[in-house]
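S.K.: The structure follows.
What follows draws every value from the coordinates through simple rules; no lab data is involved. All values reported here derive from a predicted model rather than from experimental measurement. So basically every Cβ, Gly included, is an ideal-geometry build from the backbone, and we count neighbours across all protein chains shown.
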Amino acid sequence: GAVVSQHPSWVICKSGTSVKIECRSLDFQATTMFWYRQFPKQSLMLMATSNEGSKATYEQGVEKDKFLINHASLTLSTLTVTSAHPEDSSFYICSARGTSGYTQYFGPGTRLTVL
Amino acid sequence: GQQVMQIPQYQHVQEGEDFTTYCNSSTTLSNIQWYKQRPGGHPVFLIQLVKSGEVKKQKRLTFQFGEAKKNSSLHITATQTTDVGTYFCAGDSSGNTGKLIFGQGTTLQVKP
C-alpha cells in the first residue's frame, strides 16, 4: 500500500514553455502533499506544502507565480513550472501524507530538462 | 532558519565493515525520519523516530534518536553491496505539519 505516482517521469522542454507535473496517491487519501526539488548530488529542498482545497504554502525563496501548485482533490496535486528556463532543470519529487501518522510517501520523481 | 546537518558526506567501506551516519538539528524535532535513495531513484522511507532516546532496529540497521531530540544516527552492521546509496535524515520541527528539512545525505559506497 501507500503508493505515490508522478507523471511524467521525465520531460524535456524549450525555454519559455510551461510544464505540468502530476502527483497522485494511488491507494490512500493524501490530505497533504509536498513538493521538493533535488539538484544533482544534492539533498532534497522543500518547495511548498499543499493541503487539499487550500492554497499552497511556499518556502522562502520559492516563487509562487513561477511554480503553481494545485491540490484539487485528496489524491491529486499538480506542479506547473511556468516559463521554464534552463536553471529550472532539476529532479522534482512529490510526497504525500495521509490522515494519520508522520510518514511521507515519495513519488518516483520527474526529471525536467529545459533547453 | 532550521538546519539539519549530516555527516559524513561520503563513506567508502569494505564489504563487511560497519557504517554510521550522524544527523544534527539546530532545533528540537518532533520526529526524525530516515530515507535511502539509490542512484537515479527516489527517496524510500526507512523509519521514523518520535520518542526521546528511541532506538529501533531493522535487521542490520540500527536507528537512534537522541535524548534531546536534536540528533540521530543510523548504523549499519556488516555492510553489503546492496546497502549502496545515499542515506538522508529528515527532521520535522514544526509540530507534525510534515514539513521535513533534509540533511545533506551520506553517500555510501561498499567495495566487494
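S.K.: Tell me, which cysteines of chain A are without a disulfide-compatible partner by the Cβ under 4.7 Å rule?
M.R.: A:Cys13 - these cysteines have no disulfide-compatible partner (Cβ-Cβ under 4.7 Å) in chain A.
S.K.: Ok, one more. If the cut-off is a Cα-Cα distance under 28 Å, which lysines reach B:Lys111, setting aside same-chain residues fewer than 8 apart in sequence?
M.R.: Those lysines meeting the cut-off are A:Lys41, B:Lys36, B:Lys56, B:Lys57, B:Lys59.
S.K.: Output ³J(HN,Hα) for the range A:10-24: one whole-Hz value per residue in order, computed from phi by the Karplus curve 6.51 cos²θ - 1.76 cosθ + 1.60 with θ = phi - 60°, and x for Gly and Pro.
M.R.: Couplings: 8, 8, 10, 9, 7, 4, x, 8, 10, 10, 10, 10, 9, 10, 10 Hz.
S.K.: Turning to a different aspect of this structure: Stretched out fully, how many nm does the piece from B:Ser26 to B:Gln80 gain, at 0.36 nm a residue minus the Cα gap?
M.R.: Extra length available between B:Ser26 and B:Gln80 comes to 16.2 nm.
S.K.: If one computes the Cα centroid of the range A:43-83 and of the range B:43-112, what distance in Å separates the two points?
M.R.: 26 Å
S.K.: Also, quick follow-up: Taking H placed 1.01 Å from N in the peptide plane, check which residues at least 5 places from B:Gly66 or on another chain put their amide H under 5 Å from its amide H.
M.R.: Counting only residues 5 or more places away or on other chains, the set is B:Gly53, B:Asn71, B:Ser72.
S.K.: Shifting gears a bit: Multiply the residue gap between A:Ser18 and A:Gln60 by 0.36 nm, knock off their C-alpha separation, and tell me the result in nm, one decimal place.
M.R.: My answer for the length gained is 12.9 nm.
S.K.: Also, quick follow-up: Taking 0.36 nm per intervening residue step and subtracting the Cα-Cα distance, what contour gain separates B:Val50 from B:Ile7 on full extension?
M.R.: Full extension from B:Val50 to B:Ile7 adds 13.4 nm.
S.K.: Short version: ³J(HN,Hα) in whole Hz for each residue of the range B:54-65, in order, from phi by Karplus 6.51 cos²θ - 1.76 cosθ + 1.60 (θ = phi - 60°), x for Gly and Pro, what are they?
M.R.: 5, 10, 10, 10, 10, 6, 8, 9, 10, 10, 10, 10
S.K.: May I ask you to derive the relative contact order of chain A, considering only C-alpha pairs under 8 Å and at least 6 residues apart, and to give it as an integer percent?
M.R.: 36 percent
S.K.: Which of the aspartates and glutamates could be linked to B:Lys51 by a straight reach, that is with a Cα gap under 16 Å, when you skip same-chain ones fewer than 8 residues away?
M.R.: B:Glu67, B:Asp92
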